[in-house]
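Data first, discussion second: the structure below is written as structure tokens.
Since every read-out is calculated from the coordinates, none of them should be taken as a lab result. From a predicted model like this one, the values you see are computed outputs, not experimental measurements. With ideal geometry, Cβ positions are generated from the backbone for all residues, glycine too; neighbour counts draw on all protein chains shown.
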Amino acid sequence: MSIQFRSRLPRMLSITVVVIAAVILAGCFGDDKSWRGKDISGLMPELAFELTDTSGDTVTAKKTDGEIRMLFFGFTSCPDVCPATLQKLSRAVKDMPDQWQDDTRIVFVSVDPQRDTPERLKSYVDFFSERAIGLTGEEKALRELSKRYRTTFGYDDPDAEGNYNVSHSGAVYVFDRNGNARLLFKPDLSVEDIRTDLIALAQENRI
């Protein structure tokens, strides 16, 4: 009897391990979504800011509560990254079904307050999309906001005419309706991939 019991024990343990592994894997991946962007859920703080809009008024993130928000740092004199990114985001929103477009917002934060007046910022974002808003603020507030999302920006030395470039990240931070950080869109992500992720987020817990 004892010999027979010992011979079956390794097999029983193996079966038990396989069953437990299957349960764990089902729990980990059963509800997983195949995001096109990078999943940053739980890795970044919720959306929060206090900045100046294109009317010169102070606004906070609560003004856009209930919307899917894409936060992008840049400046209106940007020669390539900013216009390319804003065009891609605006196309993705425009390609969404009508019922989701009004639930999606592009939040363009200028890190060049010296040149980007409210009037200039408004003209810039309006050119790309009616679902885009332009924000800026004092450099200290902009530094704190960029640090909150683990990025930074810098100013090059001005040339003889006083023109200068601003270095900044090309990433787009995506927040859900509740303000939770969910996705990171990198510059190489396609319009179709962005649209797909935005629709998936818009369908979650609509309020």
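Over the C-alpha trace of segment 51-116, radius of gyration and Dmax come out as 13.0, 38 angstrom.
Rounded to whole Å, the principal axis extents of the Cα atoms in segment 110-155 read 28, 21, 15, largest first. Please work out the FRET efficiency for the pair Ser77 and Ala48, using the Cβ-Cβ distance as r and a Förster radius of 25 Å; give the result to the nearest 0.05. So the FRET efficiency works out to roughly 0.40. Distance distribution note for segment 128-206: the fraction of Cα pairs above 22 angstrom is 42%. Note on segment 103-199: with charges restricted to the Cβ of Lys and Arg (+1) and Asp and Glu (-1), its dipole about the Cα centre is near 520 debye.
Candidates Thr152, Leu184, Tyr164 compared by Cα position along the dipole of segment 139-203: farthest toward the positive end lies Leu184, with charges placed on Cβ.
In terms of Cα atoms, the Rg and Dmax of segment 68-192 work out to 14.5, 50 Å. Phi angles across segment 67-81 convert, under the Karplus curve 6.51 cos²θ - 1.76 cosθ + 1.60 with θ = phi - 60°, into 3J(HN,Hα) values of 10, 7, 10, 10, 9, 9, 8, x, 7, 6, 8, 4, x, 9, 4 Hz, Gly and Pro given as x.
Packing order of peptides 134-140, 42-48, highest average first: 134-140, 42-48 (average count of other Cβ atoms within 10 Å over each peptide's residues).
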